[in-house]
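Some notes on the structure that comes next.
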Amino acid sequence: MSRLLLVVLASLPVLAFGAAVTCRYGDRTLRPGQSHVFEQNCARHNCTCSPGVAGSDMCKSTMIGCRESSGGRCYKAGEAATVTGASGPMHCVCQQESGGSFTFANCRTETCRDSRTGEAKKKGQQVTTVSGGVTYICTCAGVDGFQNCRTDEAVRNEGRCLDAASGSYVEVGAPATTERDGAVLHCTCGGTNAYGSCRSPLCRDVSGSDKKAGEKVTVENGGVMFVCDCAGLEGYRNCLSKEQFDNAGKCKDIEGRYVDRGQRYRVRYGGVRYECTCDGDNRGKECSAL
Ligand SMILES: *[C@@H]1O[C@H](CO)[C@@H](O)[C@H](O)[C@H]1NC(C)=O
C-alpha cells in the first residue's frame with residue numbers, strides 16, 4: 001500500500017490559497033467540492049478538492065484488480081496471470097476477496113521439479129516424478145503437471161515387450177504373453193509392447209464361452225457354422241460343417257435329405273442316378289442304376 005500512496009502523492013493537486021481557491025490535477029483545475037476520478041496502479045482514485053485538507057486525505061482509493069509487482073500490469077478478477085514468485089514464474093488467477101481486496105490465487109508453478117535431482121524443468125523437458133512409490137519418467141507440461149508418464153522400468157526396456165506370464169521384458173521376436181479382454185494370448189514381441197501373431201490357448205465358441213484344447217467348439221466362418229476340435233494354440237482342427245456334424249453317419253440323397261444307415265437312398269454319380277443302401281457317411285452300397 002505504501003507504494004500506492006507514493007504514486008498518488010506524486011500527482012497531488014497544488015492547493016492554491018488566495019482569492020480564488022482551486023486545486024490542480026495536471027492540466028485540470030478543480031473548484032472546491034469538485035472531484036477528479038482516475039485509475040492508476042490497479043486502483044481507482046477519487047480526489048475531491050477540499051481546501052484546507054492536505055495530501056492523500058483528499059483522495060479515496062479502492063483497488064480494482066491484482067497488481068503484478070515486476071511488470072506493473074493490473075489484472076481484473078478472474079484473469080490469468082504469470083507472476084514471478086520466489087521459486088520462479090507461477091501461473092495464477094486474480095481473485096477478489098470477500099473484503100474487496102484482490103490477490104493472486106490458485107498459483108501453480110510453470111516448471112516441474114525433478115524428484116531425482118531436485119532441478120526445475122521447463123515445459124517439454126523430461127522430468128522424473130514419484131507417485132505412489134513408483135518412479136515415473138514424464139514430460140513436464142508446465143502448469144498442467146506431468147504428461148506422457150511411463151515407469152522408469154518401461155523406459156529402460158524401450159523397444160522390448162513385457163511378458164505378462166513372467167513379468168519380465170523380452171526382446172523383439174521372442175515369445176511374449178499378454179492379456180486382452182481377460183484372456184492370456186501367446187504372441188510374438190514386435191517392439192515396445194507391440195504384440196503380433198497372437199494365439200489363444202482357448203477356443204472361442206459361438207455361444208461366447210471358451211473351450212479348452214480337445215473340446216468340441218462351434219465356430220462361424222463365412223456365414224457357415226462349423227464344429228471343430230479345439231487345438232489350443234494350434235487353433236481349430238477336424239472342422240465339419242454343422243450340417244455334416246449333425247448328420248454324421250448318415251447319407252444325403254438327391255433332394256438333400258439325410259437318411260440313416262441301412263436305408264435306401266438316391267444318389268447321382270457321374271451323371272447317372274443310382275439307388276443305394278446307406279452304408280454311413282455318404283457311402284452307398286448295393287447300388288442299382290435308375
Ligand atoms: C467522488 O467522491 C465524492 C465525494 O465523496 C462523491 O460525491 C462522488 O460521487 C465520487 N465520485 C465517484 C465517481 O465515485
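For TYR136, work out the one condition from (1) under 30 Å from HIS91 (Cα atoms); (2) part of a strand (DSSP E or B); (3) at pLDDT below 90 it doesn't fulfil.
(3)
Where the second residue is among the aliphatic types (A, V, I, L, M) and away from the ligand (no atom under 13 Å from the Cβ) and the first is part of a strand (DSSP E or B) and lies in segment 25-44, which pairs have Cβ atoms under 7 Å and are six or more apart or on separate chains?
From segment 25-44, the pairs are GLN40/VAL7; ALA43/LEU4; ALA43/MET63.
If a residue must be among the hydrophobic types (A, V, I, L, M, F, W, C) and assigned to a strand (DSSP E or B), how many such residues does segment 148-164 contain?
Number satisfying all stated conditions: 3.
Restricting the search to segment 99-114, which residues are modelled with pLDDT of 90 or more and not in a strand (DSSP E or B)?
SER101, ASP114
Only residues that are farther than 17 Å from ASN247 by Cβ and either acidic (Asp, Glu) or touching a helix residue (DSSP H, G or I) at 6+ places or on another chain (Cβ under 7 Å) (or both): list them for segment 257-276, please.
Residue satisfying the conditions is GLU275 alone.
So which residues in segment 13-27 are within 16 Å of the ligand (Cβ to nearest atom) and either modelled with pLDDT under 80 or loosely packed, with under 12 Cβ neighbours inside 10 Å (or both), if there are any at all?
Scanning segment 13-27 gives PRO13, TYR25.
Take GLY208 and decide whether it is part of a loop (DSSP other than H, G, I, E, B), free of Cβ contacts under 8 Å to residues at least 60 places away in the same chain and assigned by TED's automatic domain parsing to the domain that holds LEU233.
Spelling it out, GLY208 is indeed part of a loop (DSSP other than H, G, I, E, B), free of Cβ contacts under 8 Å to residues at least 60 places away in the same chain and assigned by TED's automatic domain parsing to the domain that holds LEU233.
Between ASP229, ASP246, which is surrounded by 15 or more Cβ atoms within 10 Å (Cβ to Cβ) and farther than 30 Å from SER168 by Cβ?
Exactly one of ASP229, ASP246 is surrounded by 15 or more Cβ atoms within 10 Å (Cβ to Cβ) and farther than 30 Å from SER168 by Cβ, namely ASP229.
Tell me, please, whether a residue that is farther than 30 Å from THR277 by Cα, modelled with pLDDT under 85 and not in a strand (DSSP E or B) can be found in segment 165-172.
Among the residues of segment 165-172, not one is farther than 30 Å from THR277 by Cα, modelled with pLDDT under 85 and not in a strand (DSSP E or B), which makes the answer no.
The values are calculated or read from the model by the stated rules, or taken from the named source; none is laboratory data. What you are looking at is a predicted structure, and each value in this text was computed from that prediction instead of being measured. No Cβ is skipped: glycine too gets one built from the backbone with ideal geometry, and neighbour counts run over all protein chains shown.
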